[in-house]
Structure formats: C-alpha cells, structure tokens
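Student: I'd like to ask you about the structure that follows.
The values are calculated or read from the model by the stated rules, or taken from the named source; none is laboratory data. Small disclaimer: the values here were computed from a predicted structure and weren't measured. Don't worry about glycine lacking a Cβ; one is built from the backbone with ideal geometry, like all the others, and counts go over all protein chains shown. Heads up: the accessible areas ignore ligands, DNA and RNA and are worked out on the full protein's heavy atoms, side chains in. Shrake-Rupley method; radii C 1.70, N 1.55, O 1.52, S 1.80 Å.
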Amino acid sequence: MRVLLRQPTRTIDVDGPMSVVKLLHRLDLSREAVLVIQDGTLVPGDAYLQDDAEIEIRPVISGGA
Amino acid sequence: MKCKVCSGPGVIDIRRHNANFCSEHFLRYCRQQVEKVIHEFRMASPGERLLVAVSGGKDSLALWDLLLELGYEADGLYVGLGIGDYSVESARQVKAFTDRFAAPRGGSLIEVDLRETYDIDVPTAAKVGKRVPCSACGLSKRHLFDKAAIDGGYDALVTGHNLDDEAAVLYGNVMRWQTAYLGRQRPHLPAENGFPRKIKPLVRLSEREMAAYCVLRGIDYQIDECPMAVGNKHLQYKAALNMAEEDTPGMKQAFYFGFLREAVDRFAPDAAAREGGQSNGEPGSDGSTNDAEGSLGLCQRCGSPTNNEVCSFCTLVERTSGHDPVPVELVRRPAKRRQR
Ligand code: SF4
Ligand SMILES: [Zn+2]
Ligand SMILES: [Zn+2]
C-alpha cells in the first residue's frame, strides 16, 4: 500500500494487507499521536487495509500556534 | 468499532470518554463540548461579536467553524508573521477557509501583515533583538490580537488553545512554580485595563479531536509545523503528558480541570501576577493572557496599555524596522530528536 507521511511530506510503500494497528506499530507511531485518513475520512484502528490502499498518516501534535 | 450513539460504523475512538463515534456524532460531540465550556465559564452570550485568532492550523480553523456552527457571530483575524514558506502556506489556508466556510455564514477575515504594516517579520525581529523567535512572535501576536479586538469593538478575543496546549502550559508552569502565571491560566479572562476579554472554547477537546474534526468537515489546514517550533519546550511537555495519558486515559483532562477547580484561585492575580503572564518565550501562550506589562499607563507610540513609556511591541518595531530581512534558515533552532 501507498502511505503518505507528513512533517516532512513524503510517501512510502508498505506491503499489505495489514491492520491499522499493525501498520502503526511497524512504523513506530503512537495511535494517539496520528490519524489514519483514507478517501477524506478517518480509518479506525481496528480496520484492515488492503494491499492496494492509499492512505495518509497525519500527526496531530503541534508545537506552534 | 461502533458509534456509541447510533451503533453505526465508528470512525474515531476517544479513550478518555471510553467512547467511539461515527462521523456525524463525533461532529455533534465537538459542538457539545464547545457549548458546554462556553456556558461553564460564561465565555460568551448569543449576539456578542467574537474575533477568532486564526493561524491556518487545525485548532483555530476548527474553532471558527464550530462557533459559526453554533450560531455565534464570529470574524477571523490572521497575522502574517513573515516566517518564509510556512507563513505563505498558512495565509493560503486561512483565505481558502474563509471563502468556503466562513463567508457563507457571515464571517469575515481581518488581515494584518507584520512586514507590510510595521516593516518587520518574526525571524528578523528575533535575530535583531537576540531573542527566541517564539518570544518575538508571541509578543507581536498578543499585541496585534488585543489591538484588533479593541479597535474592532469585539466583545471577546477567541483563541484555539486545546486541552493538550493548556495541559502542557500548566505542566510547564507547575514544573517551574511560575505562580504568577498559574494565577492567570484560565480559559476566560475578563476584559480589564484596556485589554479585551479572552476566551478559549476548545479546552475540553484534544489535539487529536481537532485534527479529526477538520478531516471529517473537509477543512484543509496547515499540516506542516512552524520551522521555529522544532524541539521547543511546549512539545517536550506534550510528549511527557502523552506518555502518562497512554497509561491512564483522561489524565490530561483531570490534570487541567482539577487545576481550574481546586487550585487556580490559590494563585489569584495580585500585583505580582501582572508582571509577565505566561509569556515564557514558548508558543501555546500566545494571546492568552491579559498580562503584557502592568497596565499603568498608555504607550506613547500606539496608545496600548503598558507601564513603560513605549510598549514592548513598539520597542520591537523600532529596533527591527529598516533592518534587512533575515531568512528563516538563519534563526531556526537546531533540530533535536523528534517529539511525537
Ligand atoms: S512556533 Fe513560535 S514562531 Fe512559530 S508561530 Fe508559534 S510562536 Fe510563532
Ligand atoms: Zn453515530
Ligand atoms: Zn506601543
């Protein structure tokens, strides 16, 4: 699957299918610190991502104002 | 994962409330949290005119949208800080939001540009004044937010500080026992001494919830971090609190609301509290206190309340204007380890 990451913006490819929880674990990301977005909506943690999925993982913590 | 309200498919889990929501009921939950806090702290009444400080980030755009959704009369205020591409992109997001979400519901945008109006920008002011960028930035924003709210005759200045921001500022103030700042860390500061009323209606909602709100409402916002924020204390405090929150969901909310309930009055403002508010040179404190500098007289240059002859913003402008612009790269903090 194709994963768009932010700060800085970049894409990576990950072999799927895989659950959201497992993907975040593999990327060493906390579920509380990011949102997983697909087709303009949120993907919950228990969802399963197909191999051809295109998703964005967006950090939610900001230090600015 | 099922929505707590309608049992439809859930899109987000909120561990501290032990609740999952579908898109529709999550958006309703956010509106309810804002309504609740506005009533709880008597922040605003229907019919009052509110000025929302918008940065282009998720919190302030979500806040403006929420207030319009709830039927408040709310305009936006954007201050162009001159922080390179970051500011260019932020301004673009704010204008796109205004056209699409605010203007159709009667909200208009006030823009102030530091370079155009005062011949300064944040990187140059930081370099020339040998101060941390966030300190020059916070000082400028506080001044311009206050001025716009007063000049525009608004009933309150509204900022998008969320639960994570307030818990992190509280944590920092407690760690260093900044008692004067603690006494003024409230989500509603009444108007006084020539300063406008200041309110923070997002304090019941977390950072993650505000980002989710924007995604589900289709609001584009500035996702990139301000280049000046890298590795700052505010982010370090957030990381520490998030570690505790992982083990004990609800800890941040208990910490902050427990403080408001049990402790803030013990640090109630007196003369000492007027000295500095929470302007500790870090973000998260912008425009959020009626601190400034004592409110004993008026600035000879601009007429703002100050206890010096010239207020600190006018002093900053006098020192910085006329100086060649300093590029962002020259004042950026060294990147430390990432705080996520
Ligand atoms: S991180 Fe600092 S410099 Fe950047 S916008 Fe926030 S206060 Fe200003
Ligand atoms: Zn529902
Ligand atoms: Zn002045």
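Student: Once phi is turned into θ = phi - 60°, what whole-Hz ³J(HN,Hα) does the Karplus curve with 6.51, -1.76 and 1.60 give for every residue of the range B:321-328, x standing for Gly and Pro?
Tutor: Values, residue by residue: 5, x, 7, 4, x, 9, x, 3 Hz.
Student: How far apart, in nanometres, would the label points at A:Gln38 and A:Arg2 be if each is projected 7 angstrom from Cα along the Cα-to-Cβ direction?
Tutor: Distance between label points: 1.5 nm.
Student: Alpha carbons only, please: Rg and Dmax for the protein assembly as shown, in angstrom.
Tutor: Calculated on Cα positions, Rg and Dmax stand at 20.9, 67 Å.
Student: Given a Förster distance of 41 Å, report the FRET efficiency between B:Ala19 and B:Ala263 from their Cβ-Cβ distance, rounded to the nearest 0.05.
Tutor: Values: r = 28 Å, r/R0 = 0.68.
With a Förster radius of 41 Å, E is 0.90.
Student: A follow-up question, please. Kindly sort A:Leu42, B:Leu296 by accessible area of their heavy atoms, largest first, with the probe set to 1.4 Å.
Tutor: Numbers: A:Leu42 10, B:Leu296 145 Å².
Descending accessible area places them as B:Leu296, A:Leu42.
Student: Running a GNM on chain B with Cα contacts under 10 Å, which residue among B:Met43, B:Met228, B:Met251 ends up with the highest mean-square fluctuation?
Tutor: B:Met251
Student: Then there's this: Please figure out what share of the DSSP beta bridges in the protein assembly as shown is antiparallel and state it in percent, rounded to the nearest 5. All intermediate terms of the calculation are to be shown ahead of the outcome.
Tutor: Values: 21 of 40 bridges.
If we restrict to bridges inside the protein assembly as shown, about 50 percent are antiparallel.
Student: Between the range A:30-65 and the range B:26-47, how many Å separate their Cα centres?
Tutor: 27
Student: Over chain B, with a Gaussian network built from C-alpha contacts below 10 Å, which listed residue (B:His323, B:His234, B:His161) shows the highest mean-square fluctuation?
Tutor: B:His323
Student: Please report the relative contact order for chain A, taking Cα pairs under 8 Å with a sequence separation of at least 6, and give it as a percent rounded to a whole number. Walk me through the numbers on the way to the answer.
Tutor: Details: 105 pairs, mean separation 27.6, N = 65.
Relative contact order here is 43 percent.
Student: Of the chymotrypsin sites (Phe, Trp or Tyr not before Pro) in the range B:131-186, which ones lie in a loop per DSSP and count no more than 10 other C-beta atoms within 10 Å?
Tutor: Values: sites: B:Phe145, B:Tyr154, B:Tyr171, B:Trp177, B:Tyr181; in loops: B:Tyr154, B:Trp177.
Here the sparse-neighbourhood loop sites are B:Trp177.
Student: Let me ask something else about it. Could you state the accessible area per residue of the protein assembly as shown in Å², with a 1.4 Å probe and every protein chain left in place?
Tutor: Values: 17380 Å² over 405 residues.
Here the residues of the protein assembly as shown average 43 Å² of exposed surface.
Student: Let me see the P(r) profile for the range B:42-329: every Cα-Cα distance counted, bins of 10 Å, each bin given as a percent of all pairs.
Tutor: 6, 29, 38, 23, 3, 0
Student: On to the next question. Over the range B:109-182, what is the relative contact order in whole percent, taking alpha-carbon pairs under 8 Å and six or more residues apart? Walk me through the numbers on the way to the answer.
Tutor: Numbers: 25 pairs, mean separation 8.8, N = 74.
Relative contact order for the range B:109-182 comes out at 12 percent.
Student: Could you compute the FRET efficiency for B:His323 and B:Arg301, with r as their C-beta to C-beta distance and R0 at 22 Å, rounded to 0.05? Provide the component values of the computation, followed by the final result.
Tutor: Values: r = 18 Å, r/R0 = 0.82.
The computed FRET efficiency comes out at 0.75.
Student: Follow-up question, since we're still on this one. Take every Cα-Cα pair in the range A:2-59 and report what % of them are more than 18 Å apart. The partial results should precede the final answer.
Tutor: On the way: 320 of 1653 pairs.
Distances greater than 18 Å cover 19 percent of the Cα pairs.
Student: For chain B, set up a Gaussian network in which alpha carbons nearer than 10 Å are linked by springs, and say which option among B:Arg301, B:Arg176, B:Arg28 fluctuates the most.
Tutor: With Cα springs under 10 Å in chain B, the top fluctuation among B:Arg301, B:Arg176, B:Arg28 is at B:Arg176.
Student: Separate question: Once R0 is set to 22 Å, what does the formula 1/(1 + (r/R0)^6) return for the Cβ-Cβ distance between B:Asp113 and B:Asp85, expressed as a FRET efficiency to the nearest 0.05? Please list the in-between numbers first.
Tutor: On the way: r = 16 Å, r/R0 = 0.71.
For R0 = 22 Å, the calculated efficiency reads 0.90.
Student: Explain nothing, just the number: dipole magnitude of the range A:2-59 about its Cα centre with +1 on each Lys and Arg Cβ and -1 on each Asp and Glu Cβ, in debye rounded to the nearest 20. Please list the in-between numbers first.
Tutor: Numbers: 7 positive and 10 negative charges, 53 e Å.
It comes to approximately 260 debye.
Student: Using helices alone, I'd like the mean residue ellipticity at 222 nm for chain B: each DSSP H run of four-plus residues gives -39500 (n - 2.57), total over residue count, nearest 500. Walk me through the numbers before you get to the answer.
Tutor: Values: 12 runs with 136 residues, N = 340.
Taking each H run of at least 4 residues, the total per residue is -12000 deg cm²/dmol.
Student: If you take every DSSP beta bridge fully contained in the range A:2-59, what fraction is antiparallel? Give it as a percent rounded to 5.
Tutor: Details: 12 of 16 bridges.
Roughly 75 percent of the beta bridges in the range A:2-59 run antiparallel, per DSSP.
Student: Still on this structure, please answer the following. Of B:Lys130/B:Lys238; B:Lys130/B:Lys233; A:Lys22/B:Lys2; B:Lys141/B:Lys200; B:Lys200/B:Lys252; B:Lys36/B:Lys252, which sit over 24 Å apart, Cα to Cα?
Tutor: B:Lys130/B:Lys238
Student: Something else now. Roll a 1.4 angstrom probe over the protein heavy atoms and tell me the percent of accessible area of the range A:2-59 that is carbon or sulfur.
Tutor: On the way: 1430 of 3150 Å².
Summing carbon and sulfur atoms, their accessible area is 45 percent of the total for the range A:2-59.
Student: Something else: Which percent, to the nearest 5, of DSSP beta bridges fully inside the range B:1-96 are antiparallel?
Tutor: On the way: 4 of 9 bridges.
Taking every DSSP beta bridge with both residues in the range B:1-96, the antiparallel ones total about 45 percent.
Student: Here's something else I'd like to know. Taking a label point 7 Å from the Cα of B:Leu70 along the Cα→Cβ vector, which residues of the range B:14-41 have an amide N closer than 17 Å to it?
Tutor: In the range B:14-41, the label zone of B:Leu70 (backbone N under 17 Å from the point 7 Å along Cα→Cβ) covers B:26-41.
Student: Enter the Cα centre distance for the pair the range B:179-207 and the range B:307-330, rounded to the nearest angstrom.
Tutor: Using only Cα atoms, the two centres lie 27 Å from each other.
Student: Whenever you get a sec, compute what percent of the accessible area on the range B:61-122 sits on carbon and sulfur atoms (1.4 Å probe). Don't skip to the answer; put the middle values down first.
Tutor: Details: 1200 of 2510 Å².
Whole-percent figure for carbon plus sulfur exposure: 48.
Student: How many nm is it between the label spots at A:His25 and B:Arg332, if each spot is 7 Å from the Cα in line with the beta carbon?
Tutor: Between A:His25 and B:Arg332, the label points sit 3.5 nm apart.
Student: Compute the angle between helix B:163-175 and the longest alpha-carbon principal axis of chain B, please, reported from 0 to 90 degrees and rounded to the nearest 10.
Tutor: Helix B:163-175 sits at roughly 60 degrees to that axis.
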